[in-house]
1. Taking only pairs six or more apart or across chains, which ones have beta-carbon atoms under 6 Å, a first residue in segment 25-39 that is within 29 Å of S79 (Cβ to Cβ), and a second residue that is within 12 Å of the ligand (Cβ to nearest atom) and open to solvent by 20 Å² or more (accessible area, probe 1.4 Å)?
2. Could you tell me which residue of segment 8-24 is nearest to V56 (Cα to Cα), considering only residues that are part of a helix (DSSP H, G or I) and away from the ligand (no atom under 16 Å from the Cβ)?
3. Given F137, F172, which one is of a type in the set (A, V, I, L, M, F, W, C), open to solvent by 30 Å² or more (accessible area, probe 1.4 Å) and either under 23 Å from Q109 (Cα atoms) or within 16 Å of the ligand (Cβ to nearest atom) (or both)?
4. Looking at D39 and the list (1) acidic (D, E); (2) within 15 Å of the ligand (Cβ to nearest atom); (3) closer than 13 Å to F3 by Cβ, which single condition is not satisfied?
5. Somewhere in segment 93-112, is a residue within 18 Å of I34 (Cα to Cα) and surrounded by fewer than 24 Cβ atoms within 10 Å (Cβ to Cβ)?
6. Does segment 153-168 hold any residues that are closer than 24 Å to E236 by Cα and more than 15 Å from the ligand (Cβ to nearest atom), and which are they?
7. Which pairs do you get when a residue that is farther than 21 Å from R251 by Cα, found in segment 138-156, comes within reach of a residue that is open to solvent by 10 Å² or more (accessible area, probe 1.4 Å) and not aliphatic (A, V, I, L, M), reach meaning Cβ atoms under 6 angstrom, with the pair 6+ apart or on two chains?
8. Can you name every one of the helices (runs of 4 or more DSSP H) wholly within segment 148-244 that holds 3 or more residues which are at pLDDT below 95?
Amino acid sequence: MYFETHAHYDDKAFDADRRDLLAALPASGVDTIINPGCDLSSSSLARTLAEEFPYVYFAAGIHPEELSDLPADWLSQISRIADSPKCVAIGEVGLDYYWDVSKKDLQKQVFEAQLDLALTMDLPVIIHDRDAHGDCFEIISRHRENRGVFHCYSGSAEMASELLRLGWYLGFDGPITYKNARKAVEVLTITPLDRILIETDSPYLSPVPMRGKRNDSGNLRYIVEKIAEVKEISPEEVASATSQNAKTLFRIA
Ligand code: NI
């Protein structure tokens with residue numbers, strides 16, 4: 001069975017069938033799911049889904065691309081949403097310089113406030129780092145007490161070894177199955193099995209051979225197969241190690 005550590009079932013891509021899809025996932029081999037939020041309303045919906053389905057957990061957080069229209073009391077709203085036994089992390093939070101570099105300072109400020117909130121609430125963090133590796137690493141280096149996962153890790157192998165040394169987990173998604181995945185495969189090679197988490201980032205990042213279609217956690221098997229191939233072990237071994245890793249990091253019994 002697979003432990004999905006990152007899927008957005010609150011996304012509008014699932015408006016027509018999210019509850020049917022979630023109900024069907026255990027039959028396709030997925031026994032646990034973490035749904036991170038991206039803003040106040042998606043974090044709330046993630047919480048609602050987690051409270052409806054026993055095998056769904058959630059994280060609450062403000063994604064770096066969701067900073068316009070943030071109410072003044074956003075941080076206390078996030079901490080209220082996160083105040084649930086089904087909340088296992090603060091996320092997804094971080095920096096994203098791909099689309100918009102005009103809000104770098106605000107992104108850093110919101111990111112650091114949520115790193116502090118995670119410590120206050122004694123929760124790990126789910127980090128989004130897109131084209132912002134240097135600044136993300138600098139912030140993480142100043143927040144030594146935080147732990148968590150770099151979701152869909154896309155940095156260098158050098159930065160990966162530093163993060164691993166500091167105790168972080170790395171999340172691997174559909175892109176490791178893509179033809180041009182040289183860098184991601186290199187990172188996978190140096191990442192010990194006990195620090196790997198599997199994620200789909202559904203509805204995005206569908207793995208080969210599902211590229212171009214809406215993604216869902218049922219596609220985790222393609223990611224597991226790729227990891228097994230790179231690590232030269234069986235897919236069953238990858239599934240059981242990554243489930244154990246997720247249970248350890250997110251403290252799920
Ligand atoms: Ni995501």
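The values are calculated or read from the model by the stated rules, or taken from the named source; none is laboratory data. Note that the structure is a prediction, hence the values are computed from the model and not measured. Cβ sites come from the backbone with ideal geometry, for glycine too, and all protein chains shown count toward neighbours. SASA here: full protein model, heavy atoms, side chains in, ligands and nucleic acids out. Shrake-Rupley method; radii C 1.70, N 1.55, O 1.52, S 1.80 Å.
1. Pairs that qualify, where the first residue is within 29 Å of S79 (Cβ to Cβ) and the partner is within 12 Å of the ligand (Cβ to nearest atom) and open to solvent by 20 Å² or more (accessible area, probe 1.4 Å), are C38/E66; D39/E66.
2. Residues of segment 8-24 that are part of a helix (DSSP H, G or I), as a first pass: 12-14, 18-24.
Within this subset, residues satisfying the condition of being away from the ligand (no atom under 16 Å from the Cβ) are 19-24.
Values: R19: 11, D20: 14, L21: 12, L22: 9, A23: 10, A24: 12 Å.
It comes out as L22.
3. It is F137.
4. So D39 meets the others, but not (3).
5. Within segment 93-112, the first condition is being within 18 Å of I34 (Cα to Cα), and the residues that meet it are 93-94.
Now narrow it down to the ones that are surrounded by fewer than 24 Cβ atoms within 10 Å (Cβ to Cβ): none.
Among the residues of segment 93-112, not one is within 18 Å of I34 (Cα to Cα) and surrounded by fewer than 24 Cβ atoms within 10 Å (Cβ to Cβ), which makes the answer no.
6. Of everything in segment 153-168, those that are closer than 24 Å to E236 by Cα and more than 15 Å from the ligand (Cβ to nearest atom) turn out to be L164, W168.
7. From segment 138-156, the pairs are G155/H133.
8. Values: elements: 157-165, 182-190, 220-231.
Helices (runs of 4 or more DSSP H) meeting the threshold: 182-190.
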